[in-house]
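Bear in mind these aren't lab numbers, they're just calculated from the coordinates by the rules spelled out. Keep in mind that what you see is a predicted model, and the values were worked out from it rather than measured. Virtual Cβ from ideal backbone geometry, glycine too; neighbours counted across all protein chains shown.
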């Protein structure tokens, strides 16, 4: 039996996901771990993300209704987020770092859909991989699926407006968006755990120093991977990309 290209892609993604789920590890990664935030901060961040989730649900329903042809791209964007954000890289500082993957969804589908895909991924990672946590879901949602993707989308649209090369724009936007995710994470952690000497500022600098050695090269890798995925999509899913207005119809 021969399989279509789309079927082969789904089989490949399912194998990768199965391998990740089959070998869970205790995480000390850049998702804020379960119980690490004081209750008041956990509640505040959860409250902040509620409007974004509501908007995301509305936006995702509209995309599903109006762009059925693009559902495979939506599924692949979600799988991309899950896979590369689950790959934890040991840090020289004794912690772990990981990529986010949300820049791809932000560029293709905008903020709303990215939030929902990210929330789904964060919930599964917290339950299946001990990666992040349910009590810190609000804080992780804000940094990974709102703050980082928002900057990525703004930079991507700015690059398009001034007519920069598309893939160069994607590279820069995803790189800076990924880094910004961890700036926000450092901000969240410093607010919750200010240093006894130096307060919030000293704590923020300390967390940034912990993240920087591994997160800088990982952000470069994430940007390159995103560009490669988009190049592949343009070759094999051009009709779907035209349908969501990422590409224009070629004459």
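The residue 163 and residue 193 beta-carbon pair, evaluated with R₀ = 35 Å, returns a calculated FRET efficiency of approximately 0.20.
Sort 126-137, 76-87, 109-120, 33-44 by packing, meaning the average of other beta carbons within 10 Å per residue, with the highest value first. Intermediate values should be presented prior to the final figure.
Numbers: 126-137: 19.9, 76-87: 21.9, 109-120: 23.8, 33-44: 15.9.
Highest-to-lowest ranking by the protection proxy: 109-120, 76-87, 126-137, 33-44.
Relative contact order for region 32-243: 25 percent, from Cα pairs under 8 Å spaced at least 6 residues apart, divided by residue count. Here region 32-243 was treated as a single set of alpha-carbon atoms; its pair distances binned every 10 Å from 0 give 9, 34, 37, 16, 4, 0 percent. Calculate I(q)/I(0) for region 134-210 by the Debye formula, one identical point scatterer on each C-alpha and no solvent, and give its log10 at q = 0.13 Å⁻¹ to two decimals. The Debye formula, applied to the Cα set alone, gives -0.48. Subtracting the Cα-Cα distance of residue 243 and residue 200 from 0.36 nm times their residue separation leaves 10.8 nm of extension gain.
A simple spin-label model places pseudo-atoms 7 Å from Cα toward Cβ; at residue 67 and residue 48 they are separated by 2.8 nm. Taking every alpha-carbon pair under 8 Å whose residues sit at least 6 apart, region 112-170 reaches a relative contact order of 27 percent. Once the chain from residue 228 to residue 40 is taken as fully extended at 0.36 nm per residue, the excess over their C-alpha distance is 63.6 nm.
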